[in-house]
Amino acid sequence: MIVPVGIALGSNLGDRHAELNAGISFLRSFAFQGQVHESPRMETAPVDCPPGSPLFLNAVAEISLDPEVMPPRELLRRLQAFETSRGRPAEREINSPRPLDLDIIYYGDLSLQEPDLVIPHPRAIQRRFVLEPLSHLRPDLILPGQSKTVRELLG
């Protein structure tokens, strides 16, 4: 069974557009049938980041995955490995500037609470830089555990 998976992309170091392009290409490499739906990109002020952090470029992508082939934990492993390959240090200050950030927003209708993996993303509904791009792709999506659509959360 193929499920939709939402990934938030962000970059605030280096060539931000190139970093997001690299992220989209990476997602395409394992998405079902190579299909990636990408929101418009938006520039945003850093949230909960160290003082002086540069502006972010943010987007959301939706891909389809087969949970038998790419379960959530494997997806997380791949996303983190790709972030590292793009220059994100493994040891870093929380929310420090980074070339590329890839976060799982949702994975079908899965709700998962593990120490290092929470799905849907626990702060997605509080972050305009996630909700606004997501609203371009899935305005009527209701994230697991929520009662309002993305559009309603954004409003």
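Can you tell me which residue in segment 27-58 is surrounded by the most Cβ atoms within 10 Å (Cβ to Cβ), limited to those that are over 12 Å from Ile7 (Cα atoms) and in contact (Cβ under 8 Å) with a residue 60 or more places away in the chain?
Looking at the filtered set, the residue picked out is Phe56.
Output the residues belonging to segment 78-108 that are surrounded by fewer than 12 Cβ atoms within 10 Å (Cβ to Cβ) and not small (Gly, Ala, Ser).
If the condition is that a residue be surrounded by fewer than 12 Cβ atoms within 10 Å (Cβ to Cβ) and not small (Gly, Ala, Ser), then Pro89, Glu91, Arg92, Glu93, Ile94 are the ones that fit.
If I ask for residues that are charged (D, E, K, R), in contact (Cβ under 8 Å) with a residue 60 or more places away in the chain and over 21 Å from Cys49 (Cβ atoms), which ones from segment 115-155 would you list?
Here is the first cut: in segment 115-155, the residues charged (D, E, K, R) are 116, 123, 127-128, 132, 138, 140, 148, 151-152.
Narrowing the set further to residues that are in contact (Cβ under 8 Å) with a residue 60 or more places away in the chain leaves 127-128, 132, 138.
Correct list: Arg138 only.
Hey, any hits in segment 13-22 for a residue that's part of a loop (DSSP other than H, G, I, E, B) and either free of Cβ contacts under 8 Å to residues at least 40 places away in the same chain or of a type in the set (Ser, Thr, Tyr) (or both)? Outline the logic, then answer.
Within segment 13-22, the first condition is being part of a loop (DSSP other than H, G, I, E, B), and the residues that meet it are 13-15.
Of the ones still in play, those that are also either free of Cβ contacts under 8 Å to residues at least 40 places away in the same chain or of a type in the set (Ser, Thr, Tyr) (or both) are 15.
Yes, there is a match, as at least one residue in segment 13-22 is part of a loop (DSSP other than H, G, I, E, B) and either free of Cβ contacts under 8 Å to residues at least 40 places away in the same chain or of a type in the set (Ser, Thr, Tyr) (or both).
Does Pro99 fit the bill of being assigned to a loop (DSSP other than H, G, I, E, B) and under 16 Å from Ala8 (Cβ atoms)? Full working, then the answer.
Values: assigned to a loop (DSSP other than H, G, I, E, B): yes; under 16 Å from Ala8 (Cβ atoms): yes.
Against the criterion (assigned to a loop (DSSP other than H, G, I, E, B) and under 16 Å from Ala8 (Cβ atoms)), Pro99 qualifies.
Does Pro72 satisfy the condition of being touching a residue at least 24 places away in the same chain (Cβ under 8 Å) and loosely packed, with under 12 Cβ neighbours inside 10 Å? Before you say what the answer is, go through the steps one by one.
On the way: touching a residue at least 24 places away in the same chain (Cβ under 8 Å): yes; loosely packed, with under 12 Cβ neighbours inside 10 Å: no.
Criteria not met by Pro72.
A short reminder: the numbers here are calculations on the coordinates, not readings from a lab. Not measured: the values here are computed from a predicted model. Reconstructed Cβ throughout: ideal geometry from the backbone, glycine too, with neighbour counts over all protein chains shown.
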